[in-house]
Structure formats: structure tokens, C-alpha cells
1. So for segment 30-129, averaging the separation of alpha carbon pairs under 8 Å that are six or more residues apart and normalising by length, what relative contact order in percent results?
2. Mind telling me which of 22, 179, 71 comes out most flexible in a GNM of the chain, alpha-carbon contacts under 10 Å?
3. Go through 56-64, 106-114 and give me the packing order, highest mean Cβ count within 10 Å leading.
4. Return P(r) of segment 66-220 (all Cα-Cα pairs; 10 Å bins starting at 0; whole %; ordered from short to long distances).
5. In whole angstrom, how long is each semi-axis of the equivalent ellipsoid of the chain, when you take the square root of 5 times every eigenvalue of its Cα gyration tensor and sort them from largest down?
6. Run the numbers on segment 1-68 and let me know its relative contact order in percent, using alpha-carbon pairs under 8 Å that are six or more apart.
7. Could you estimate the translational diffusion coefficient of segment 206-247 from the Stokes-Einstein equation, with Rh from the Kirkwood formula over C-alpha pairs, at 25 °C and 0.890 mPa s, in whole µm²/s?
8. Arranged by the count of other C-beta atoms within 10 angstrom, fewest first, what order do 328, 9 take?
């Protein structure tokens, strides 16, 4: 894709927050959307093979689709051809027709084509019963996203959906904030775009596939802190207790709410990508995320192997090595002096609970 084509894409208001397909991968076609900035929620839970949890997922989708309205266009079930929404099954029908020992994995997407990235996306990945019984295959996952303008217009929308879904699923842990949606059938060709957007916008952008095995294996640790961070009771005890967190997270800027198996922490009114520091300076982490990171450091993963894979012959940078991925996990770590600066900076941000 040449500069003129990129400029035309960037100047189109309808393309705001997106990049063309495989824009940094010259070996692939560039038609359609390959990356889309969204606000994304990720919840990890157990028992997705069971009727009760599938009924809960049905309720989650009903509430999500009420928000997405007519935006959803495609349905794709694991290993099957995509279907347009007019002929797509409901989650309720899937819950009753798919047996406990079959894969319960699917995605609903608002993309123009299933090979493109979407602003609205509802993805479920659940282990089969025999896999879950092994106890070594990790957790089930729900991933759902909303367009950024929608969340900015109603800052309570994502926290409301996230908290409701977490309670319905009795989620173990999860997080929500800015992320980059990639095509469900073309992640590797577009991971360089995810990398680029995270570098350009700031450390508050989540990176990596929430369905990745190394992330689903995190049963007693979290990948990262975020705008919304859910932890279970065991994790809460390992970082002290509720009173310990309350002493570190001032109530005017952080909400701590009982949720699912533990605690839901909200850091600020809206998700944050980062704080610009001027020309030629890297974008600084959001101060609220730095403060929360320090409070929850003992329950965060030290490594997840690699966050991205990239294409086999691609030259564009991605987080496809253990050192670079581990460094990303530590992106909110600062010195004691840096933590004091972040705590002071939080006090200059918009209050979540104004007087």
C-alpha cells in the first residue's frame, strides 16, 4: 500500500481508529479493515460445557446484542463456514444443540466481511467437558468489544456490561480497556498493526490474543491491570485484603466493587491509552494504571511466553519473542519515585466519584 492510499484511508472519517488489512505486510492484499481500536472486555471462567454456564452466556449475548442492535453481520462457529446474521443461530440454540463434549466456540462480528476486523465482536471459547475435567487445559473465555465513541458517550456502559457478565459467569478474573481487534481469521497478518497502534497510542492498549493458551492457563494470576480489572478472592488475599487496596487506591479515582468471585476495580472515568510527553518522547503509562499495577504486582504473570507470532517472513516488528513480551508485561513497573509521581498525577485527573 503506497503513501497516497494510506493518506486516503486516514482522511476518511468512517475509517477512524482503523488500519487497512495487513498494512505492514507487503505479501498480503490490503483490502478491508485489518485492525480496529475498540474498548474490549475479557472474562475468564469455568464450566462453559455445562447447561447453566451456557444459559449465562446466552443472557450475556442477549444483553450485548441489545447494545449492538443491528450492527452484527456475521457468525462463525469453530471449524465451519461463516454465516450471515440473518441465518445465524442464536446462542440459546447453540447452547442446547452443542453437546458437552463438543467445541462451544464461536464469534459474532460487525465487520463487513468475516476476514476483517470489527468494532463490535462477541467471542466465546469453551473447553469440552473432558478437556475441562483434566484440569490442565486452562479457563474458558468471553471476549466482547464496543466502539470507542460509544463508550465515551456513555462511560458507564462497559462497566455495567462487564460487571453483569462477570457475575453471570462467576468469572475467575478478567480485564477491560483499550485494545485492537484483529480479524478472527487473520490475526498473524495484522499483528504488526496491533503492535504499531500500541506503540503510537500508548501502554494502555492491550496486546495479544485473549484466547491464547498461555493466557487461558493463568488460573491464579492476571495478565495485566486495565481500566477494569477483576480478581478473585484468592488473588485479593495475596495482595493483602480489601482494606489494603483501599489504602493504595483513593476512592475518588478508583472504584472497588464486590463482583463474581472477588473484586472489580475501576481505574478512572474512561479507559486511558497513555500520557503524551512531547515530541520524540515515548508516551507515558496512564498514572492510574501505574498505581493499580503496583498494588496488584504480586498477582501478575511474570511471563506468557510470546504475545504475538507475526507472519513467517514478515519484517514488521511484533512482540514475538519472550524478552519483548515479558517487557510488555512490565510496562507499568516504575521506581519508588516514579510511583510517587504517578500517585500525585492521579490526583490531577478527573474524579470518578466527585464530591
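No lab work stands behind these numbers, since they all come straight from the coordinates. Just so it is clear, the structure is predicted and the values come from calculations on it, not from any experiment. Reconstructed Cβ throughout: ideal geometry from the backbone, glycine too, with neighbour counts over all protein chains shown.
1. 35
2. Of 22, 179, 71, the Gaussian network model singles out 71 as fluctuating most.
3. Details: 56-64: 19.6, 106-114: 21.1.
Output ranking for 56-64, 106-114: 106-114, 56-64.
4. That works out to 9, 36, 40, 13, 1, in percent per bin.
5. Gyration-tensor ellipsoid for the chain: 29, 27, 19 Å.
6. This gives 19 percent for segment 1-68.
7. Details: Rh = 11.8 Å.
It comes out at roughly 208 µm²/s.
8. Numbers: 328 20, 9 16.
Fewest-to-most ranking of 328, 9: 9, 328.
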